[in-house]
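Heads up: the structure comes next, in structure tokens.
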Amino acid sequence: MTSLDMPTMASSLLLPLGSTCGRRPSFTPPQSILVDKLRRIVVKVKSSESECPSMFNNNSRRDFLGLALGVSGLFIGSLDATGAGLPPEEKPKLCDDTCQKELENPMVTTASGLQYKDIKVGQGPSPPVGFQVAANYVAMVPSGQIFDSSLEKGQPYIFRVGSGQVIQGLDEGILSMKVGGKRRLYIPGSLAFPKGLTSAPGRPRVPPSSPVVFDVSLEYIPGLEVDEE
């Protein structure tokens with residue numbers, strides 16, 4: 001073989017201009033590809049496979065599989081976007097829309113700065129200092145976001161009233177309630193959380209010595225109602 005034969009031999013290894021055999025099909029569809037376009041690509045791929053099977057089997061099959069996975073990812077992504085747009089879960093409240101009208105009642109302000117409005121005045125006894133009480137509560141920041149609630153725990157909170165087991169504003173507010181009553185407490189920062197409360201997932205942060213709002217219902221006083229019957 002002479003050196004003059006080399007260019008001729010090399011050119012014979014190249015495919016004729018316009019041939020598709022030996023070249024990997026390029027699939028770069030836009031993000032908004034439709035199913036009918038995908039179907040046409042499948043037909044085109046099959047016809048290309050019949051023309052040059054040895055070149056298509058490995059490389060082009062991998063490209064087509066990547067395309068199919070990419071399209072399925074688009075559909076999954078759209079479902080995730082729909083799920084992310086769902087409204088947040090509604091948290092249980094002590095004061096629903098109907099009781100909001102009761103909040104038009106006059107505001108009572110105590111010497112400590114605590115303010116409250118009675119949503120419902122109870123008919124039972126008031127708790128003596130040092131007695132245990134069972135109460136439901138929903139604690140909120142002034143914007144109305146809930147940061148704690150006994151309703152979500154599924155049972156009333158039991159504590160010894162007037163003994164410092166809860167914040168001062170809650171202690172004072174419950175002492176003047178009667179069993180069966182429901183009240184909204186507007187607690188100033190000086191009677192709330194001196195150190196504040198850190199935020200939790202889905203819960204607002206309570207800054208140190210900031211005002212808070214409690215909706216409270218006095219459910220019963222263990223032992224006291226039995227003694228009075």
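The values are calculated or read from the model by the stated rules, or taken from the named source; none is laboratory data. Everything numeric in this text was worked out from a predicted model, so none of it was measured. No Cβ is skipped: glycine too gets one built from the backbone with ideal geometry, and neighbour counts run over all protein chains shown. For accessibility, only protein heavy atoms count, side chains too; no ligands or nucleic acids. Shrake-Rupley method; radii C 1.70, N 1.55, O 1.52, S 1.80 Å.
Along the stretch 149-154 the Karplus relation, 6.51 cos²θ - 1.76 cosθ + 1.60 evaluated at θ = phi - 60°, assigns HN-Hα couplings of 6, 6, 5, 6, 7, x Hz to successive residues, with x for each Gly and Pro.
Placing pseudo-labels 7 Å out from each Cα toward the beta carbon at K101 and Q168 gives an inter-label distance of 3.8 nm.
Given R₀ = 41 Å, FRET efficiency for L175-S199 by Cβ-Cβ distance, to 0.05? Write out the running numbers ahead of the final one.
Values: r = 30 Å, r/R0 = 0.74.
Calculated transfer efficiency: 0.85.
With the whole protein complex present, L170 retains an accessible surface near 10 Å², based on a 1.4 Å probe.
Probe of 1.4 angstrom, ligands and nucleic acids ignored: what's the accessible area per residue over the stretch 111-220, in square angstrom? Walk me through the numbers before you get to the answer.
Details: 5190 Å² over 110 residues.
Per-residue accessible area for the stretch 111-220 comes out at 47 Å².
E219 contributes about 70 Å² of solvent-accessible surface, heavy atoms of the protein only, 1.4 Å probe. At full extension, K93 and A111 could sit 3.6 nm farther apart than now, given 0.36 nm per residue minus the alpha carbon distance. Counting 0.36 nm for each residue step from Q132 to E152 and taking away their Cα separation leaves a gain of 5.1 nm.
Normalised by the number of residues in the stretch 111-220, the mean separation of alpha-carbon contacts (under 8 Å, six or more apart) gives a relative contact order of 36 percent. With a 1.4 Å probe rolled over the protein heavy atoms of all chains, the accessible area of K117, K101 falls in the order K101, K117, largest first.
In the stretch 111-220, the portion of solvent-accessible area held by carbon and sulfur atoms comes to 52 percent [1.4 Å probe, whole percent, DNA, RNA and ligands not counted]. Against the empirical curve 2.2 N^0.38 Å, the C-alpha radius of gyration of the stretch 111-220 lands at a ratio of 1.01.
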